[in-house]
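J.: Right, I'll just put the structure down here and ask away after.
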Amino acid sequence: MEISGIFWHKLPVFHWRHVVAVLFLLCLFSGHPAWAAQKTVLVLGDSLSAGYGLEKGTGWVDLLGKRLKKDYPEITIVNASISGDTSSGGRARLPALLKRYAPTVVVIELGANDGLRGFPVKSIYDNLLAMVEMVKKQKGTVLLLGMQIPPNYGQAYTRDFAGVYSALAKKGKVSLVPFFLKGVAERDDLFQSDNIHPVAEAQPVMLDNVWPFLEPLLK
């Protein structure tokens, strides 16, 4: 007992303070998983994701942000969508966005404007593939939103355009929403007067098309 008493007496006091501090921090962090590193979802799209013609806060990306805030508070969403943007525009903008936000997941919703303007299918494919490769090089994950267009340029072009997304998903080994406007494109009442941009009532449907493919990537 006497030897034990001498031993304890001679231990430096500050050592015990350090031990207590370490134990306190371990308990603190283990009891607060919400302190985990923040993650970012970047949406790179055109007017369909920019909320063209909609009141602020009613677009599908805004609705996604609200859902993430509730179910995944550690995840931040950045909407880098621009009305009228094309696949080449997205390709040019993406490097700076990756550098600035270092997103965990990038949702690519581009190509529709290319198709409506009759741009070469190969150029659309090449631009989208380049974006996928950029994200993967940064160790990020891609979710591609598939699109379809009216047969304005003939059945062959329409078919080839739609095939870009499935081919790209297979080539790049990325997740794909087969058709972003499923359940919307078939209903005239879900479009604004221009017959191109969906109304507010269509936005929850669009989000529901995306969510089953996006949520697994968040985990």
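J.: Which Cα, out of Gly163, Met206, Phe179, lies furthest along the positive dipole direction of the range 150-219 (beta carbon charges, K/R +1, D/E -1)?
T.: Farthest along the dipole direction, towards plus: Gly163.
J.: Set the Förster radius R0 to 30 Å, insert the Cβ-Cβ distance between Asp189 and Ser83 as r into 1/(1 + (r/R0)^6), and round the FRET efficiency to 0.05.
T.: That pair, Asp189 with Ser83, gives E of 0.85.
J.: Post the alpha-carbon centroid distance, the range 183-218 to the range 116-175, in whole angstrom.
T.: Measuring centre to centre over Cα atoms gives 19 Å.
J.: Return one whole number: the accessible area per residue of the range 108-166 in Å², for a 1.4 Å probe.
T.: 46
J.: Which order do peptides 44-53, 74-83 fall in by mean Cβ count within 10 Å, highest first?
T.: Ranked from most to least packed, the peptides come out as 44-53, 74-83.
J.: Looking at the square roots a ≥ b ≥ c of the eigenvalues of the Cα gyration tensor of the range 72-219, which shape do they give, rounded for a/c under 1.5, prolate if a/b is larger than b/c, or oblate?
T.: Oblate is the answer for the range 72-219, as a/c is 1.5 or above yet b/c matches or exceeds a/b.
J.: Given charges of +1 on the Cβ of Lys and Arg and -1 on the Cβ of Asp and Glu, with all other atoms neutral, how large is the dipole of the range 93-167 about its Cα centre, in debye to the nearest 20?
T.: Taking the Cα centre of the range 93-167 as origin, the dipole is about 340 debye.
J.: Tell me, what is a quarter of the convex hull surface for the C-alpha atoms of the range 90-159, in nm² with one decimal?
T.: That works out to 4.5 nm², a quarter of the Cα hull's surface.
J.: How do 184-196, 102-114 rank on mean C-beta neighbours within 10 Å, highest first?
T.: By packing density, highest mean first, the sequence is 102-114, 184-196.
J.: A further question on this structure: Starting from the range 112-166, pick out the trypsin sites (Lys or Arg not before Pro) whose DSSP state is loop and whose Cβ has at most 13 other Cβ atoms within 10 Å.
T.: Arg117, Lys139
J.: By the gyration tensor of its Cα atoms, with a ≥ b ≥ c the square roots of the eigenvalues, what is the shape of the range 147-219: rounded for a/c under 1.5, prolate for a/b over b/c, or oblate?
T.: oblate
J.: Subtracting the Cα-Cα distance from 0.36 nm times the residue separation, let me have the gained length for Lys56 to Asn152 in nm, one decimal.
T.: 31.4 nm
The values are calculated or read from the model by the stated rules, or taken from the named source; none is laboratory data. Just so it is clear, the model here is predicted, and its values are computed rather than measured. Cβ sites come from the backbone with ideal geometry, for glycine too, and all protein chains shown count toward neighbours. With ligands, DNA and RNA removed, areas are computed over all heavy atoms of the protein, side chains included. Shrake-Rupley method; radii C 1.70, N 1.55, O 1.52, S 1.80 Å.
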